[in-house]
Amino acid sequence: MKATKRLNKLWQRGQELLGVQYPIMCGAMTWISEPKLVSEVCNSGAFASLACGNMPPEMFEQQIEKTRELTDRPFAVNLITVAPNYKHHLDVAVQAKLPVIVFGGALPRDQEIEKAKSAGAKVLVFASTAALAKRMLRYGVDGLILEGMEAGGHIGPVAGPILWQQILFEYAEQVPIFIAGGISTGKMIAYLVLMGASGVQLGTRFVMTEECDVHDNFKAAFRKAQAREAMATPQFDSRLPVIPVRALKNKGTGEFSKLQLEILKRLDAEEINRETAQLEVEKFWIGGLHKAAIAGDVDYGSLMAGQTVGLAAEIKPVAAVIEELLRDAEQELARIAHTLGQYI
Ligand SMILES: Cc1cc2nc3c(=O)[nH]c(=O)nc-3n(C[C@H](O)[C@H](O)[C@H](O)COP(=O)(O)O)c2cc1C
């Protein structure tokens, strides 16, 4: 057990909601947040969400069972509301009596939140704008994950510090709020809990762990990447909307930009209609994360990564990452207490 005297006081509500000692969450990452990584994080006293992407419901059930074989600690499942199998995933999660269900993708309906809660689960929902956060609070969620656009994977339109001012500062008393996106150090965690966060969620940093079973090429690309290379997908024209994803730039991202520009020319020339244009754009990245993270094609696959990719170059065991985060957060809080004692 690590000495986390100050943190314990500051993030107590996060500990209670998640049922863990350290409310540091490893966010769900499709193909990556699998039983091994999830259980390793939970066995270290922190918390993790099992990803289900759009996997067949039976496979999702097996993944939950497998995780339970590897840890007796609590963990969450992450349901993507826009996945074709979403409704089945919700049924599986409810039947499995998971203690926490995290809804991502788009917003869950109020009946779906109710369904999860009536099965005994605590409900966390991602909020990427103030309006969505407020709606989710009205729907009675147990907590929010505020994710800024610095994060890796699918992102919202607003940067973290704006969301902290709009939501964290306004609603932290009302519900536990977890901050995601852009976090890689214990020092940062210290300031976030002082600002009212009940915990944090990290994704990119956990890719750089020994227990994360991604292809070596994927980790190597993360190791050498700079923060500025983790870029949001550009959109060139409102007629051709793209779902923004933050990923490392590679040949694939270049090809995707070229494709959009070509399609726009064809739209201008009325060679294709908007529906066909949209389908062509959407099919480009299908299977892209698997291609990079599992098959190791880092040139053309999707290298989803947050800007914190520039902060973690070393691959460490999960337990060592958590230990480092806790130690540095606690030390920073001690330093701040000392400074405040001198000046205030
Ligand atoms: C490779 C990758 C895949 C991700 N896949 C998912 C996902 O399937 N579902 C989800 O809710 N979030 C997903 N995320 C977001 C993470 O759960 C987490 O919120 C985010 O990484 C936090 O920001 P950070 O990358 O700055 O640490 C993904 C992130 C990455 C880097």
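Since every read-out is calculated from the coordinates, none of them should be taken as a lab result. As the structure is a computational prediction, the values presented were derived from the model and not from experiment. Counting neighbours? That spans all protein chains shown, and the Cβs are built from the backbone with ideal geometry, glycine included.
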So for R0 = 25 Å, FRET eff. of A334-E173 from the Cβ-Cβ r, to 0.05, ends up at 0.45
Give me S238, S302 sorted ascending by neighbouring Cβ count inside 10 Å, so fewest comes first.
S238, S302
Give the range of the longest stretch in the chain that excludes all trypsin sites (Lys or Arg not before Pro) found in loop regions by DSSP and having at most 16 other beta-carbon atoms within 10 Å.
110-238
Using a 10 angstrom cutoff on alpha carbons, build the Gaussian network for the chain and name the most mobile of L98, L289, L261.
L261
GNM top mover of P56, P35, P99 - the chain, alpha-carbon springs below 10 Å:
P56
Counting only residues 5 or more places away or on other chains, whose amide H sits under 5 Å from the amide H of G27 once H atoms are built in the peptide plane?
L202, G203
For D72 paired with E210, estimate the spin-label separation in nm (one decimal), with each label point 7 Å from Cα along the Cα-to-Cβ line.
2.5
Just to verify a number: FRET efficiency for F284 and A119, C-beta to C-beta distance, R0 = 30 Å, to 0.05?
0.20
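Counting GluC sites (Glu not before Pro) as exposed when in a DSSP loop with at most 16 other beta carbons within 10 Å, what is the longest stretch of the chain free of them?
Longest gap between qualifying sites, sites excluded: 1-172.
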Calculate I(q)/I(0) for the range 105-210 by the Debye formula, one identical point scatterer on each C-alpha and no solvent, and give its log10 at q = 0.10, 0.11 Å⁻¹ to two decimals.
-0.27, -0.33
So what's the net charge close to K283: Lys and Arg +1, Asp and Glu -1, counting the other residues with Cβ under 14 Å from its Cβ?
-3
With charges only on Cβ, +1 for K and R and -1 for D and E, what is the dipole size of the range 38-130 about its Cα centre, in debye, rounded to 20?
200
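Once you charge only the Cβ atoms, +1 for Lys and Arg and -1 for Asp and Glu, what is the size of the charge dipole of the range 249-297 about its Cα centre, to the nearest 20 debye?
Its charge dipole is roughly 280 debye.
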Candidates A76, A292, A96: whichever shows maximal mean-square fluctuation once the chain is modelled as a Gaussian network with Cα springs under 10 Å:
A96
Filter the DSSP H helices in the chain by two things, a Kyte-Doolittle mean of at least 0.0 and an axial alpha-carbon span of 18 angstrom or more, and list the hits by number.
318-343
May I ask for the net charge around I155, where only other residues with Cβ less than 12 Å from the Cβ of I155 are counted and Lys, Arg are +1 while Asp, Glu are -1?
-1
Kirkwood hydrodynamic radius over Cα pairs of the chain, then Stokes diffusion coefficient at 4 °C and 1.567 mPa s, in µm²/s
63
Among Y22, Y171, which comes first, then next, by fewest other beta-carbon atoms within 10 Å?
Y171, Y22
Of all C-alpha pairs within the range 216-308, those more than 24 angstrom apart amount in percent to 25
Only Lys, Arg, Asp and Glu count, each charged at its Cβ (+1, +1, -1, -1), so figure out the dipole size of the chain about its Cα centre, rounded to 20 debye.
760
Taking amide H positions as placed in the peptide plane 1.01 Å from N, state which residues far from M304 in sequence (5 or more) or on other chains have amide H under 5 Å from it.
L248
